[in-house]
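Just so it is clear, none of the values below were taken in a lab; they were calculated from the coordinates. Bear in mind the structure is a predicted one, so any value in this text is a computation, not a measurement.
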Ligand SMILES: Cc1cc2nc3c(=O)[nH]c(=O)nc-3n(C[C@H](O)[C@H](O)[C@H](O)COP(=O)(O)OP(=O)(O)OC[C@H]3O[C@@H](n4cnc5c(N)ncnc54)[C@H](O)[C@@H]3O)c2cc1C
């Protein structure tokens, strides 16, 4: 029986783990990867104390910090259920080899972030990793000198188009809205990029190819189907919280876990931190701070209840 199991090993989970180790809790982290979205964040210039770094380096230094404090990180595991029975949490899921695991803990800290929303159109699944990507930072350099499309209207689509304008020969930026929803500074940079062509009010309807992507189709404002030749398609149309595996927890309309200022949920002993919560502004420093808040609340809960 653990005092605590942390699910997720990124900004929120790893920050919490350093505090948990220093408070000498009997705990471990169970996670599908180490670094999460931090590792795919590209250039980072807003982590206090480090003027410039990249996501992978920052994620590695989070990991090293946790390991230096003796934190056990069980990587490659997928948690499919967290439920509370008789005041104890049962955490179950799959090991990397597909076998099933089950753990028991007095408290759980969920720090599982979000995953990219899909377009749900023809060809999207078929060409995933064969031209279709949800991470421009990870896969963008593979499309050097080629024509690509980014789909989306927010900051991450704008960042994707900007990054690809320096790598690809041409970038189509396809937005279903008549305007972008991101920051003005990014919008202005994209509009000033000579090799970015913006297509507004366009619904991407199919991704086509043979072994790899070679084109995509969209419906324009008039409802006509248009086809453009592209080798890569970067999908940045929003994120879905990784919250569905937690039984009985209260979610908001966007499926984010509702959390209070102490990192508590409606389930006593279940704490939550980072992008999976309904706290606004999804940022590394915010996730890290939330992780620590939730951990200190978990310590308080253990002191009072176990
Ligand atoms: C392209 C991009 C650029 C960004 N740039 C910046 C930036 O410059 N500055 C900034 O502050 N923020 C940036 N962000 C946001 C930042 O990455 C997030 O706010 C931060 O990663 C949130 O951390 P987290 O710990 O909540 O979750 P995540 O980083 O999403 O990590 C979630 C963890 O949970 C694990 N997990 C998820 N589900 C399960 C499950 N069922 N079972 C087991 N493990 C699970 C994952 O493996 C991962 O370890 C960027 C994001 C993106 C996408």
Exercise. Extent of region 18-127 along each principal axis, from alpha carbon coordinates, in Å, largest to smallest?
Worked result: 45, 44, 24
Exercise. Anyone know which of 270, 25, 173 comes out most mobile in the 10 Å Cα GNM of the chain?
Worked result: 25
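I need the shape label for region 76-168. Rule: rounded when a/c is under 1.5, else prolate if a/b > b/c, else oblate, with a, b, c from the alpha carbon gyration tensor. Write down the numbers at each step before the final one.
Values: a/c = 3.13, a/b = 2.49, b/c = 1.26.
Prolate shape, in that a/c is at least 1.5 and a/b is the bigger ratio.
Indicate, rounded to the nearest 5 percent, the antiparallel portion of the DSSP beta bridges found entirely in the chain.
Values: 32 of 66 bridges.
Around 50 percent of the beta bridges assigned by DSSP in the chain are antiparallel ones.
Give the relative contact order (percent, whole number) for the chain; include only Cα pairs under 8 Å separated by 6+ residues. Before the final figure, lay out each step's value.
Values: 714 pairs, mean separation 61.7, N = 306.
Relative contact order for the chain comes out at 20 percent.
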Exercise. Is the shape of region 144-232 best called rounded, prolate or oblate, per the rule: a/c under 1.5 gives rounded, else a/b larger than b/c gives prolate, else oblate, with a ≥ b ≥ c the square roots of the Cα gyration tensor eigenvalues?
Worked result: oblate
Seminar exercise, completed: Rounded to the nearest Å, the spacing of the alpha-carbon centers of region 66-81 and region 86-161 is 18
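Express the relative contact order of region 39-112 as a whole percentage, based on alpha carbon pairs under 8 Å and six or more residues apart in sequence.
Details: 84 pairs, mean separation 12.7, N = 74.
Here the relative contact order equals 17 percent.
In region 118-235, what % of DSSP beta bridges are antiparallel (nearest 5)?
40
Once you keep just the Cα pairs under 8 angstrom separated by 6 or more residues, what percentage relative contact order results for region 118-235? The partial results should precede the final answer.
Working: 254 pairs, mean separation 38.0, N = 118.
Computed over region 118-235, the figure is 32 percent.
Just to be sure I understand: if I project the alpha-carbon convex hull of the chain onto a plane and average over all orientations, what area do I get in nm²?
Values: hull surface 68.0 nm².
Its Cα hull, projected and averaged over all orientations, spans 17.0 nm².
Could you work out [θ]222 nm for the chain from helices alone, using -39500 (n - 2.57) per DSSP H run of at least four and dividing by all its residues? Round to the nearest 500 deg cm²/dmol.
Values: 6 runs with 71 residues, N = 306.
Estimated from H runs of four or more residues: -7000 deg cm²/dmol.
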